[in-house]
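Here the structure is laid out as structure tokens; the discussion comes afterwards.
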């Protein structure tokens, strides 16, 4: 079976040559890598304050990460719609869609912020139950300030998506890097200088997100951009267009949200295995996230590429890029897995992990190194391409089912019945990757995903 028809592709006039692909993908990958690194540094700085502080930040961030995933999904919806309009040559409609995205994310994020501010204590106690009084006090302070950053986080995610939809991933990367540096410097000043503990960490996060939003929207006003958004106060809701945006954003948001809920369920299971297992799982998660950065970056870039192809009516070219970038992602994942495996023992030693925890971590990373290059790319990168065509409901349904059946249910079954350690988490993960890789590959070959173009509905 042909993956794509070469005879129907004009390779002399393709939308993205190798240079254009590199210029699009490289900044995204760098941004993902530095964000991950900066996040680890951020956590380490907070941990110096004390166990109550880091516990509070960890608890609140488990909720905040859910919010981030929802806003990221909405941004993905924005990127898909705008890139399809750009591909069709209709920049006017792309700009109109961008304005509606701004209106929608602003309204939703402000509403969510208000709800969280009013009911913050009840919400935290409902989610986390009874925790130590000092930890809860820190939670309330940290949550209060970080909640204020939700609208800025949402708007920056959308604004960055507009630039990527137009093929400019370099600018959001620069803004994100500067923002992360502001956050770290702010932590140093507020935590170590002013001794503001979790309030200082939260305030630093708020300032960095405000900075991101101001800069990204300042440059979106400039007419030289493919997508231009200005006259914000004159934006009025266009319900049919908002419905299109939500049709993409909501399924993606549910998919991302289910993943976050699944992580919380898995974490609660691991927490019953003892301190060594918890430490091993935590370090393994960090290392696994690092070796997946390249693939995630390729997937994010693929959404812009496929979106523009679909908008331009170049369906065979869309297939070509999915195949090509899947191969690129596979090579990158293979090398990154081998690299991370090579540094696992030094990292566990530098982290001061106990011998038992370090050995468990090494065994899990070894298993990941074997399985991930085989199954992960098919389960994630291909789905990015399908979603870029508007095939988001299928991805949501498949990912949600496999997540809860494999990652959660299978993991709990192996722990409760066969008394597996943290390796149960990764057996469930591997099953999830393998099943989704088969399903998404089959979906790609069927061509049914090509019928879901957003701008044609």
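What follows is calculated from the coordinates using simple rules that are stated; it is not laboratory data. Please read these numbers as outputs of a predicted model, since none were measured by experiment. Please note: Cβ atoms are built from the backbone with ideal geometry, for glycine as well, and neighbour counts cover all protein chains shown.
What the table shows:
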| item | result |
| --- | --- |
| Scattering curve values for the range 356-456, log₁₀ I(q)/I(0), Debye with Cα scatterers, q = 0.12, 0.16, 0.21, 0.23 Å⁻¹ | -0.47, -0.72, -1.01, -1.13 |
| Projected label distance in nm at residue 91 and residue 26, using a 7 Å step from Cα toward the beta-carbon | 2.5 |
| Length gained when the stretch residue 446-residue 374 is fully extended (0.36 nm per residue, less Cα-Cα span) | 23.8 nm |
| Stretch gain in nm, segment residue 404-residue 47, where the contour uses 0.36 nm per residue and the Cα spacing is subtracted | 125.3 nm |
| Two-decimal log10 I(q)/I(0) for the range 48-237, as the Debye equation yields it once each C-alpha is a single scatterer, q = 0.11, 0.13 Å⁻¹ | -0.54, -0.72 |
| Sorted by Cβ neighbour density within 10 Å, fewest at the top, the residues 238, 61, 432, 10 | 10, 238, 61, 432 |
| Virtual spin-label span in nm between residue 137 and residue 18, 7 Å along Cα→Cβ | 6.2 |
| Residue 268-residue 107 pseudo-label distance in nm [points 7 Å out on the Cα-to-Cβ vector] | 3.4 |
| Cα gyration tensor shape of the chain, rounded if a/c is under 1.5, else prolate or oblate by comparing a/b with b/c | oblate |
| Computed FRET value (nearest 0.05) for residue 194 with residue 355, which takes r as the C-beta separation and R₀ as 41 Å | 0.55 |
| Ordering of 438-445, 113-120, 159-166 by packing [mean C-beta count within 10 Å, highest first] | 159-166, 438-445, 113-120 |
| Extension reserve of the residue 417-residue 230 stretch, reckoned as 0.36 nm per residue once the Cα distance is removed | 61.5 nm |
| Taking 233, 241 and counting other C-beta atoms within 10 Å, the order from fewest to most | 233, 241 |
| Residue 128/residue 397 FRET efficiency (R0 30 Å; Cβ-Cβ; nearest 0.05) | 0.50 |
| Cα gyration tensor shape of the range 169-283, rounded if a/c is under 1.5, else prolate or oblate by comparing a/b with b/c | oblate |
| FRET efficiency estimate (nearest 0.05) - Cβ-Cβ, residue 34 to residue 275, R0 30 angstrom | 0.45 |
| At q = 0.18, 0.21 Å⁻¹, base-10 log of I(q)/I(0) for the range 1-133 (Debye sum, equal scatterers on each alpha carbon) | -1.20, -1.34 |
| Convex hull projection area averaged over all views, the range 381-437, Cα basis, nm² | 3.7 |
| Exposure proxy order (Cβ contacts within 10 Å, fewest to most) of 96, 209 | 96, 209 |
